[in-house]
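Below: one structure, written as structure tokens.
The values are calculated or read from the model by the stated rules, or taken from the named source; none is laboratory data. What you see is a predicted model, and the numbers here were worked out from it, not measured in a lab. So basically every Cβ, Gly included, is an ideal-geometry build from the backbone, and we count neighbours across all protein chains shown. In case anyone asks, the SASA skips ligands and DNA or RNA and just uses the protein heavy atoms, side chains included. Shrake-Rupley method; radii C 1.70, N 1.55, O 1.52, S 1.80 Å.
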Amino acid sequence: MQTAPVFDILRHRIGTDGPGVTTLVCLHGCPLKCRFCINPESRDSKRLACFVSCEELFEKVKKDNLYFLSTGGGVCFGGGEPAIHSSFIKEFKNEYAKKWNISIETSLNVASFHIEELIHVVDSWVVDIKETNPSIYSSYCGNSNENVWRNLSILAENVSNRVTIKVPLIPYYNNESDIIKSFKLLNKLGFKNINVINYCVNGN
């Protein structure tokens, strides 16, 4: 039985994590060290995360089953980087949440076998691309974006119509010219649903 570290569960979310009413399940752990991370507790080793089984998670979120079914919503896995817990998400979907929409908010900076495991599990993908320029990405995230490009190719070949990509304008790191370049590269891969977002840097 799979378990995963959950550090927060947020209910009754609308229009932010996929279709319908969703419950956001925040999973601990992330390979990145983004300068303006909105959930630094997701990679804080001192932050207590409760390890739960798929059955235990189902018992926590099933109270909103009627909302999910009537609106086409379900559970969104965020973090942190939820894709590193791909086996857990797969078991949860196949054993407990077949009638719910399962979405994921991911940076795609994980080994490709995680994404391949989730291809036929996740219904809606929200990808925070950070930046396509490898130098800017490395400077901001503290990591290479080689995994990201490999995984974007996998999504493009299999589920491009189910992917929403966020291209952030990050103060002090990129600019509108960089955003335009990212759009062109992502369009060339076959992605159409691309949104520019502004990062909030208050308190950083």
_Tell me which cysteines of the chain come out unpaired when the rule is another cysteine's Cβ under 4.7 Å._
C26, C30, C50, C54, C76, C141, C200
_Spherically averaged projected area of the chain from its Cα convex hull (nm²)_ = 10.9 nm²
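Please give the per residue accessible area of the stretch 24-76, computed with a probe of 1.4 Å over protein heavy atoms only, in Å². Before the final figure, lay out the partial values.
On the way: 2980 Å² over 53 residues.
Dividing the accessible area of the stretch 24-76 by its residue count gives 56 Å².
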_What figure, in Å² to the nearest 10, do you get for the accessible area of R35 with a 1.4 Å probe and non-protein molecules left out?_
110 Å²
*Sort the following peptides by mean Cβ neighbour count (other Cβ atoms within 10 Å, averaged over residues), highest first: 19-25, 76-82.*
76-82, 19-25
*asked:* Pairs of alpha-carbon atoms within less than 8 angstrom and 6+ residues apart define the contacts here; what relative contact order does the chain have, in percent?
replied: 19 percent
*asked:* Let me cross-check H12: its accessible surface, 1.4 Å probe, with only protein heavy atoms counted, in Å² to the nearest 10?
replied: 90 Å²
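How do I89, I154 rank by accessible surface area computed with a 1.4 Å probe, from largest to smallest? List each step's numbers first, then the result.
Values: I89 0, I154 25 Å².
Most to least solvent-accessible, the answer reads I154, I89.
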*V196 accessible area, assembled protein chains, probe 1.4 Å, Å²*: 80 Å²
*State which entries of K62/K93; K98/K130; K93/K188; K60/K130 exceed 20 angstrom in Cα-Cα distance in the structure shown.*
K98/K130; K93/K188; K60/K130
*Accessible area, probe 1.4 Å, largest first, for residues D8, D64*: D8, D64
*Listed residue (V159, N174, L186) projecting farthest to the positive dipole end of the stretch 143-204, Cβ model*: V159
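Could you size up the charge dipole of the chain around its Cα centre, putting +1 on the beta carbon of Lys and Arg and -1 on that of Asp and Glu, and report it in debye to the nearest 20? Could you put the intermediate results ahead of the total?
Values: 22 positive and 21 negative charges, 62 e Å.
Around 300 debye, computed over the chain.
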*Hey, can you find the accessible area per residue of the stretch 99-181 for me, probe 1.4 Å, expressed in square angstrom?*
43 Å²
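Largest first, what is the accessible-area ranking of L66, L186 with a 1.4 Å probe? Could the numbers behind the result be given before it?
Details: L66 135, L186 0 Å².
Putting L66, L186 in descending order of accessible area: L66, L186.
Which percent of the accessible heavy-atom area of the chain goes to carbon and sulfur, probe 1.4 angstrom? If you can, show how the numbers build up before the last one.
On the way: 5010 of 10120 Å².
For the chain, the apolar C and S fraction of the accessible surface comes to 50 percent.
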*When the helix-only estimate is applied to the chain (DSSP H runs of n ≥ 4, each -39,500 (n - 2.57), divided by the residue count), what is the mean residue ellipticity at 222 nm, nearest 500 deg cm²/dmol?*
-9500 deg cm²/dmol
_With +1 assigned to the C-beta of every Lys and Arg and -1 to the C-beta of every Asp and Glu, and no other charges, what is the dipole magnitude of the stretch 50-109 about the Cα centre in debye, to the nearest 20?_
220 debye
*In terms of modelled amide H atoms, which long-range or inter-chain residues lie less than 5 Å from the amide H of V167?*
N195, V196, I197
*From the residues G79, N133, A111, which one has its Cα farthest along the dipole of the chain in the positive direction, the dipole being from +1 and -1 charges on Cβ of Lys/Arg and Asp/Glu about the Cα centre?*
N133
